[in-house]
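Presented below is the structure to which this report refers.
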Amino acid sequence: MSDKKDIHEDKFLAPENRKHVVIGPDGEEIHVDPLNDYFCTDMPKVEKPYKGVMEKFLNWARAESLWVLAFGTGCGSIELPPLFSPRFDAYRFGVAMRPTPRQSGVLIISGYLAVKTLKRAIRSYEQMQNPKYVIALGSCTINGGMYWDSYNTINRLDHYLPVDVYIAGCMPRPEAVLAGFMKLKERIKKGDAEGANEYVEKLDWYKANQKKIIKDWNMPDYNW
Amino acid sequence: MSLFTRILFVLLGLFITLNWGLIMSGIIRKIIARLSMRRGIKVVQPYINLIKNFSIRSQLTHGVMFYLGPVFRLSGGVGVFLFMPMIYGSIYWTNFSFTGDLILISYFLFFGMLGMALGAGEGGHPYSAIGIGRGLAQFTAIEVPMTLAIISIAIQYNSLSITEIVAAQQGGIMNWTMVTNPFATIAAMLAFLGMMGHSPFNVVMAPQENPIGPPTEYHGTFLGVLQTNRAILHVVEAVLFMNLFFGGATNWGILILKTFLIYFYTVFVGMVFPRFRVDQSIPWFFKIPLVFGILAIVLLII
């Protein structure tokens, strides 16, 4: 990391994340460097899949139990709740919503991704654990859609997160989302959906792209 | 029966209990889905979720207690099972029950919660801390009417052995505690609602309120262990109430039927009533179930 970068980071670092000194009850000075002390600085590793029947069986289980992170961006987030209503009933395909990234395996980017939201999307994605999949919903995630020349949204989601399935449309109906889930299941069962490992392999490229957009990068390089 | 055979039967019983717990939660969720005009999950979905959680490749930890939290929780569930006589009159399915097992079991019911509180606390997520605070406060409020009901039963049957309590209830529905000591039954069954964590009292883990309470940071195998424990614990708690109030079971068929009905009662109440806030649920336990619990003891003594 260059020196220039450090200055740049410091400028945007939240006050509580800067190096500071805490005075203890007995008057001792405790030097705190939050980015090193409070956050895990390790980089992720490629987690090799098993081989043969074992991996096929596990992939079947992963495909039949898709836990979606309740994370909504853009207009698509309003298309997702009907999925779990009696009319579309995504539960019968093993799809369920989870409120925490730790437990979920699918991140749906449901529409345009503002620069501000991109940061949150990256944090959420990185907090999810290894077999994890990204569904890009709507035209905005493919090429920017109607926001392609906006000053504040990204155009190709592919440059920032490894996308497994695109669902085109503006907005796609819940049926289309269900079809997207089916497509994702096919990919997982075939063993093609290794987005998490791809992300780790090309981490430098993804990080460079992300930092090009997010000027105020005030978090660790990988948010565990 | 040798100790080895006994251990084998305990393990087999644990296996049956785990499977029945998973299938039961699948069936219940299917019923809920049909009630709300949906097809709903597959009945085997809990199994698939379990396999999926155990197949998560990368896992992270926040420290030793974070590891031990689910382990404590599971040992709480298995501990209740180990000392619970499952089938009355069978030498194979009484597990390691002894004369004072009722006391030990009511201790084990709380033990898992405490372990989980320590583990989830180390996770460091604010929602975990909120969930733990609410969970422990609510469970303490549940324990009071529950304990009163247990004391009432102990006075009534002059015993703290579950096997003896079940034995005293044999010979028809009129001998069940449900009939002979209705106030204790009401107090305990109201406390049971809170114990199972369905709707009126599910503010501890409600995804919409504090996503999702204590297990917020738990994932992969940790979550798998918690799910395993939940499957076991739900059945075993239902078995406890079956033994104390509804005449016990003399074979697995009756056990499955009774535990299903007892568990379904909490789900039914949950489907009908909306969620309490924690500052509503705790006073509620100190009002209605507590009064029934005190009545149960006072009437017995008089």
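Numbers below:
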| read-out | value |
| --- | --- |
| Checklist (1) closer than 17 Å to B:Val239 by Cβ; (2) at pLDDT below 90 applied to B:Tyr127, failing item | (1) |
| Number of positions in segment B:148-174 that are in a helix (DSSP H, G or I) and open to solvent by less than 60 Å² (accessible area, probe 1.4 Å) | 14 |
| Every residue from segment B:247-256 that is buried (at least 23 other Cβ atoms within 10 Å of the Cβ) and either modelled with pLDDT of 95 or more or part of a helix (DSSP H, G or I) (or both) | B:Leu255 |
| Matching option when the condition is touching a residue at least 60 places away in the same chain (Cβ under 8 Å) and either more than 30 Å from B:Tyr67 (Cα to Cα) or open to solvent by less than 10 Å² (accessible area, probe 1.4 Å) (or both), among B:Phe276, B:Phe268, B:Phe222, B:Phe241 | B:Phe276 |
| Residue within segment B:195-209 that is touching a helix residue (DSSP H, G or I) at 6+ places or on another chain (Cβ under 7 Å), within 13 Å of chain A (Cβ to nearest Cβ) and either modelled with pLDDT of 90 or more or surrounded by fewer than 23 Cβ atoms within 10 Å (Cβ to Cβ) (or both) present | yes |
| Entirely in segment A:160-222, the helices (runs of 4 or more DSSP H) that have 1 or more residues that are under 14 Å from A:Ser110 (Cβ atoms) and either over 16 Å from the mean Cα position of the chain (by Cα) or modelled with pLDDT under 95 (or both) | A:174-190 |
| Of residues in segment A:25-62 being among the small types (Gly, Ala, Ser) and more than 9 Å from chain B (Cβ to nearest Cβ), the one farthest from B:Ile41 (Cα to Cα) | A:Gly27 |
| Pick from segment A:82-133, criterion among the small types (Gly, Ala, Ser), under 18 Å from the mean Cα position of the chain (by Cα) and assigned to a loop (DSSP other than H, G, I, E, B), ranking: nearest to B:Leu226 (Cα to Cα) | A:Ser104 |
| Total residues in segment A:91-105, condition of a type in the set (D, E, K, R) and more than 7 Å from chain B (Cβ to nearest Cβ) | 1 |
| Filter result (hydroxyl-bearing (Ser, Thr, Tyr) and open to solvent by less than 30 Å² (accessible area, probe 1.4 Å)) within segment B:32-84 | B:Ser55, B:Ser58 |
| Helices (runs of 4 or more DSSP H) wholly inside segment B:21-135 containing at least 1 residues that are more than 10 Å from chain A (Cβ to nearest Cβ) | B:64-82, B:101-123 |
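Residue-wise test of (1) open to solvent by less than 20 Å² (accessible area, probe 1.4 Å); (2) touching a residue at least 60 places away in the same chain (Cβ under 8 Å); (3) of a type in the set (Ser, Thr, Tyr).
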| site | (1), (2), (3) |
| --- | --- |
| A:Glu79 | no, yes, no |
| A:Pro86 | no, no, no |
| A:Ser104 | yes, no, yes |
| A:Ile142 | no, no, no |
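One line per residue, one yes/no per condition, for (1) of a type in the set (S, T, N, Q); (2) more than 14 Å from chain B (Cβ to nearest Cβ); (3) at negative phi; (4) open to solvent by less than 10 Å² (accessible area, probe 1.4 Å):
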residue: A:Tyr112; (1), (2), (3), (4): no, yes, yes, no
residue: A:Lys116; (1), (2), (3), (4): no, yes, yes, no
residue: A:Arg120; (1), (2), (3), (4): no, yes, yes, no
residue: A:Ser124; (1), (2), (3), (4): yes, no, yes, no
residue: A:Ala136; (1), (2), (3), (4): no, yes, yes, yes
residue: A:Ser139; (1), (2), (3), (4): yes, yes, yes, no
residue: A:Gly145; (1), (2), (3), (4): no, yes, no, no
residue: A:Asp149; (1), (2), (3), (4): no, yes, yes, no
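The values are calculated or read from the model by the stated rules, or taken from the named source; none is laboratory data. Given the structure is predicted, the values throughout are model-derived calculations rather than measurements. Here Cβ is always computed from backbone atoms with ideal geometry, including for glycine, and neighbour counts include all displayed protein chains. Ligands, DNA and RNA are excluded from the accessible area calculation, which covers all protein heavy atoms including side chains. Shrake-Rupley method; radii C 1.70, N 1.55, O 1.52, S 1.80 Å.
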